[in-house]
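Every read-out reported here was derived from the displayed coordinates using simple, explicitly stated rules and does not represent laboratory data. Just so it is clear, the structure is predicted and the values come from calculations on it, not from any experiment. Don't worry about glycine lacking a Cβ; one is built from the backbone with ideal geometry, like all the others, and counts go over all protein chains shown.
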Amino acid sequence: MFNYIVYRIGQFITLYLPLNVAYKIAIFFSDLHYIFANKDRRRIKENLNTIFPKKSSREIRRLRIRMVRNFAKYVVDFFRCEKLDKEYIAKYIKIENMHYFDQALSRGKGVIVLTAHLGNWELGGVVLALLDYPLWVVARPHKDKLVDNFFNFQRQRKGVNVIPLGKAVRASLNLLKENKMVALAGDRDFTEKGIIMDFFGKPTILPEGPAALALKTGASIVPGFMLRNENDEFTLRIEKPLEFSPTGDKKKDLSEIILRYKNIFEDYIRKYPDQWYMFRRFWIEK
């Protein structure tokens, strides 16, 4: 209940203040929280040191601070989702390579929209829905039912359909057969059934869901990322659909597909490390 009340108060404030003022308030409270969040600071530092082993402590600290402040802005943007419309998209969001989605949909086998916890994936989903793409997103339910309903209402009011993680497999298969788009984040495994793979040179567990769905349905995997620009506008960048010919060896095929989009994730995280919101220990401890 407490978290729900905090979210509703935060939403009320951000909806009725100018965006730049809402950002400043969010950053203030984020910085205040960060002073006492020793666990978060330590884990973010560990993650950034793995990505950039040659950067100095001062450089890592600067990245760490920018990341936390960008996440504060991410929350503000989510609270303000109801203000988004096609006029906002035309004015503040640069869209690159949307034709890759159109090409993939023309195959008639559905599209797996693959992203990471990078930039503003929630806003990216809203943009696709507002542009009339048939989008469903797989989302992990919050433990607090009120909070879960709050988040899903924010998504659904803008046309983003939600699939709870626990029901994702069957629902995704059916939707892809209907030539719909299913969005998944492929950089964090919540099932404990993923595949161990090196990520920036250290082993971690990556989810096999996107690859398994592609093998089962023949759907195209199309990576896409909603990136924050320096001026707090956005770029929605779509990458080419992954090209892959199954060999019939399921384990080998799964690993090969995951390797391909894992490399894309690494490239984006390396370029936008202060927009990768990973506040947990990510790599397997030896």
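Values for this structure:
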{"quantity": "Counted charge near PHE2, where neighbours are those whose Cβ lies closer than 14 Å (Asp, Glu -1; Lys, Arg +1)", "calculated": "+2"}
{"quantity": "Radius 9 Å from Cβ of LYS94, net charge of other residues (Lys, Arg +1; Asp, Glu -1)", "calculated": "-1"}
{"quantity": "Residue order, fewest to most surrounding Cβ atoms within 10 angstrom, among MET1, MET98", "calculated": "MET1, MET98"}
{"quantity": "Loop GluC sites (Glu not before Pro), segment 149-231 (other Cβ atoms within 10 Å of the site Cβ: 12 or fewer; DSSP)", "calculated": "GLU178, GLU192, GLU230"}
{"quantity": "Cβ-based exposure ranking for ILE258, ILE205, in which fewest neighbours within 10 Å come first", "calculated": "ILE205, ILE258"}
{"quantity": "Extreme residue, positive dipole direction of the chain, given options PRO207, GLY166, HIS33 (C-beta unit charges)", "calculated": "HIS33"}
{"quantity": "Dipole in debye (nearest 20) - segment 85-275, about Cα centre, beta carbon charges: Lys, Arg +1; Asp, Glu -1", "calculated": "600"}
{"quantity": "Value at 222 nm in deg cm²/dmol, rounded to 500, when DSSP H runs of n ≥ 4 in the chain each add -39,500 (n - 2.57)", "calculated": "-16500 deg cm²/dmol"}
{"quantity": "Contact order relative to length of the chain, as percent, for alpha carbon pairs under 8 angstrom and 6 or more apart", "calculated": "25"}
{"quantity": "Charge sum, other residues only, whose C-beta stays under 9 Å from GLY125's C-beta, Lys/Arg counted +1 and Asp/Glu -1", "calculated": "+1"}
{"quantity": "By average C-beta atoms within 10 angstrom, highest first, the peptides 10-21, 74-85, 37-48", "calculated": "74-85, 37-48, 10-21"}
{"quantity": "Entries of LYS55/LYS251; LYS193/LYS240; LYS109/LYS145 with Cα pairs more than 29 Å apart", "calculated": "LYS55/LYS251; LYS109/LYS145"}
{"quantity": "Fraction of antiparallel bridges per DSSP, the chain only, in percent to nearest 5", "calculated": "35"}
{"quantity": "Given charges at beta-carbon only (K, R positive; D, E negative), |dipole| of segment 48-196 in Debye", "calculated": "560"}
